[in-house]
Each structure stands twice: as C-alpha cells, then as structure tokens.
1. Please give the contour-minus-distance gain from SER422 to ALA178: 0.36 nm per residue of separation, less the Cα-Cα distance, rounded to one decimal in nm.
2. Given a Förster radius of 51 Å and the C-beta distance between GLU38 and HIS337 as r, what FRET efficiency does 1/(1 + (r/R0)^6) yield to the nearest 0.05?
3. In percent, how large is the relative contact order of the stretch 252-433, given Cα pairs closer than 8 Å and 6 or more residues apart?
4. Compute from the Cα atoms of the stretch 252-433 the Rg and the Dmax, the latter being the longest Cα-Cα distance, and quote both in angstrom.
5. For the stretch 252-433, with only Lys/Arg (+1) and Asp/Glu (-1) charged at the beta-carbon, what is the dipole magnitude about the Cα centre, in debye rounded to 20?
6. If you stretched the chain out fully between LEU152 and GLU361, how much longer would it get, using 0.36 nm times the residue separation minus the C-alpha to C-alpha distance?
7. With point charges of +1 on the Cβ of Lys and Arg and -1 on the Cβ of Asp and Glu, referenced to the Cα centre of the stretch 252-433, which listed residue (LEU304, GLY360, SER404) lies farthest in the positive direction of the dipole?
8. Once you place label points 7 Å from the Cα toward the Cβ at HIS391 and LEU45, how far apart are they in nm?
Amino acid sequence: MTSPQTVTDLKRFLPFLLLLTTANATAFIFATIYFPAEISFRSLLTAAILLALVILAEQLAIDLPVPHARITVSVSSAINFAAVLTLGPSLGIAVAVLGTLIDDLIERREPIKILVNMNNFALQGIIAGPMYFFMAEGESPLANPRNFFAMLVAAVASSSAQTVLLALLLSIATGTSAWYLWRSMARGLLVEFLALPALGSLFPLLAREHPLALVLMVIPLLGPYLAFRDYRQLHHETQSTFELLADLLDRRDPYTAAHSQRVAQLAALILDEFPELTVEEREAIVSAARIHDLGKVATSDLILRKPGRLSDDEFAVIQRHPVDGSEILRHLSPYRHIVEIVRHHHERWDGRGYPDGLTGEEIPFGSRVIAVADTYDAMTTDRPYRRALTHEEAMAELRRGAGSQFDPAVVAAFERAVARASAAVREKAAVSLS
C-alpha cells in the first residue's frame, strides 16, 4: 500500500482527521453489529498471525522516488484486505488498525501521522468488508464466480478510496499536485491490484486448513519487497551516476568546475519566482539543469578547453551536445520527462539558437530557465580568454539579450530572485550583528 510517513504541516488538518476518525469509528461499530466477529482460539490465533504479517510488511516498506513527500509502498494493504475476508469486517479492521499502530509506535512517528495511518488502514476494511459480504454468497472468495467478482470490486473500490484520500491530503499539506501524487502512488497500486485478489483468495482457504499455514505466506511476501527495493535503488543509483558524470565533465575544464551544480541552484532560484509551477515541473527543470551538459561527454577536450575562438567545424561539434545529451537520457525511464528540456537549452527566443531553431514559447519553459542560468554562470566565471564579468555586467548582458536571446519573463524573474536573495543575505547579516 502507499501511506504518508513524512507530511509537512498536517496539524491544520486535525479537525478533518478527527471528523474522519469519528466517521470510521461509527462505521466500525455498524460493521461489528451487522457482521459480528467469531471469537475463538482459532480466530484469535489467525488474527495474531495476520497482525504479525501486517507489521512485517510495514517494516519492509520501500520509499518511492517522489519529491517533497515520503510515499512508501508495501503489501500490508493486501494483508489487511485478506484479514477482512478471512476474519470478517470487524476483526479484520481491528487487525489492520492495530498493525499500523504498532508499526508507527516502533518507528516513533508523530501522533498526527499515527492518526492518518490508522484512518487510512481502517478505511480500506470499512469499504472492502461490508461491500464483499453484502455481495458474496458464503465466505470463500473462490466458492463461485459471484464471490470472486465481489472480491475484485471490493479490492478496487477500497484501494482507490485510500489513494484518492491520501493524494488529496498530501496535496494540500505539501503543495504538490494531487494528480502527480496519485500517479506516483499508482506505481504501488499496480502491485496492490495484483496482490489483493491473490492474497484475498488464498488467506481464507489457508486459515481454514490451519492458521499456522498463513506463516508460509511470508516467503512470497518478500517478492514485492525485493522488487521495489531494487527499483528504488536503481532509480537512486541512476540519478547519482548521471550527476557524478555531469560533475566529472565540468572538471575536465578547471574553469567550469561545479558549473552544473551552480546552474541547478540558479535555476531553482528563478523557479521560486513562478509559484504557479507544480512541484513535478519544478523538479524536472532542476534535474535537467543538473545534467544539462551531459552530451559533452562526446566532445573532445581540445575543443572544450580551446582558449581562442572556435572554428566553424569545432562549433558544429559543440552544437551537438544538447542532442547527444537528450539521446542518452531518452533511453532512461527516470529521465525521459526532461529529454526535451535538455535538448533545447541552447535555443534562442528569436529562433537563432540550436539545435532546432525554436522560437519564443515553442522552447520548453525549463530550457528557457536553464539558458539564463547557464549564461549567467558562464559570464561570471573566469575563462582562459577573458576574465569573469561582475554581477552588474552580467545582468546588463542578460537585459540586453532579453527578447532576442532570452525569454524576457525569465530574465525579469532572475533579477527579482537575485534581489530577493541579496536582501535575505543583508537581513541575516544585520540580525547577526545586532
């Protein structure tokens, strides 16, 4: 399942969470009345084993690579679903809520996050349990096609409700697009939609044979964990590798050392002036800025470090680096969303740039941001054929190029951002001196 583990400023949603808690508690009471739990040694042993599996699944949760919000995926949701089908709604919901509570206490999470997670786990059982038992005939999901269909409907409805609720809550709390968060959670939903029917079908049958048979399910539960662990590790290693490669490319020329890092920082500064951008768009642009010169891996040092003016042939080679960089990224799924930004970061507002001669707003917005940040850093860095320009000189050049080389709105945003940053530095210095 997916669940929020780190959420910013959720305290303002406490009234909403308390209302949701009240609604879930009321629904749980009605579920207990309409579907009373069978309390016996066998059912309690089954509940204890399922509880242990829920805690184990939560401990093996894997972080998804989503900026500004920690979203995890595990198979605990599938176990909760199976618990409801195996034990009935009331006891199954109790197992789910107690499982997440114990996990949260182990992880020492804040009370507000514990409340979110408990409501999230309860919601699934409250939706899935009554829906399944109202539609099904008998107890086993595999007893007949009607029961199997009821199980599928309950699985889809409960998982969808969970993720929609979490996406909306996280969107309000973090300022991130709800659609973006939901799509990020959907990576884990794919595993859920495969795991929920499988476990929902098997667990009731195994529990009827003997509750200890459920212990055997620990082995297949490790499969999704290992798969997502490898996915997360691969994403992280890919990002780290390409950022390191960008830094190594910068170091080929002592005059451009740490250039890509500075361009990414400047791009982030500019983007602060565009609050209407989604977190997804912002992160894409900063990621592209961080590796915008990746294509220079195919460019000779003789050209990159040439102190004088480049010949036409040499400049033609340099002009290939945005294309080469974008083609490298096109083959990597974590970077496909920034391919066009990297490809067009040397286009000009007036259409005289390269590689495709795009004009105005035909150029991706991220490319226009990187163009300003890239040029400013280049102008304010010493080169073998000229000294670095001062900030004032570089800003004058950017203003001169606004409307021809650069997007005027981006240049104006850069000016505001620099002024804001300078004011913040002065204010901090004044406070430290007082």
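1. 84.5 nm
2. In this case the efficiency is close to 0.50.
3. The normalised contact order for the stretch 252-433 reaches 22 percent.
4. In Å, with Rg to one decimal and Dmax whole: 16.6, 56.
5. Once rounded to the nearest 20, the dipole reads 580 debye.
6. Length gained, LEU152 through GLU361: 70.6 nm.
7. It is LEU304, whose Cα lies furthest towards the positive end.
8. Inter-label distance under the simple model: 7.4 nm.
Read-outs throughout are calculated quantities, based only on the coordinates presented, and are distinct from any laboratory measurement. As the structure is a prediction and not an experimental result, all values here were calculated from the model. Please note: Cβ atoms are built from the backbone with ideal geometry, for glycine as well, and neighbour counts cover all protein chains shown.
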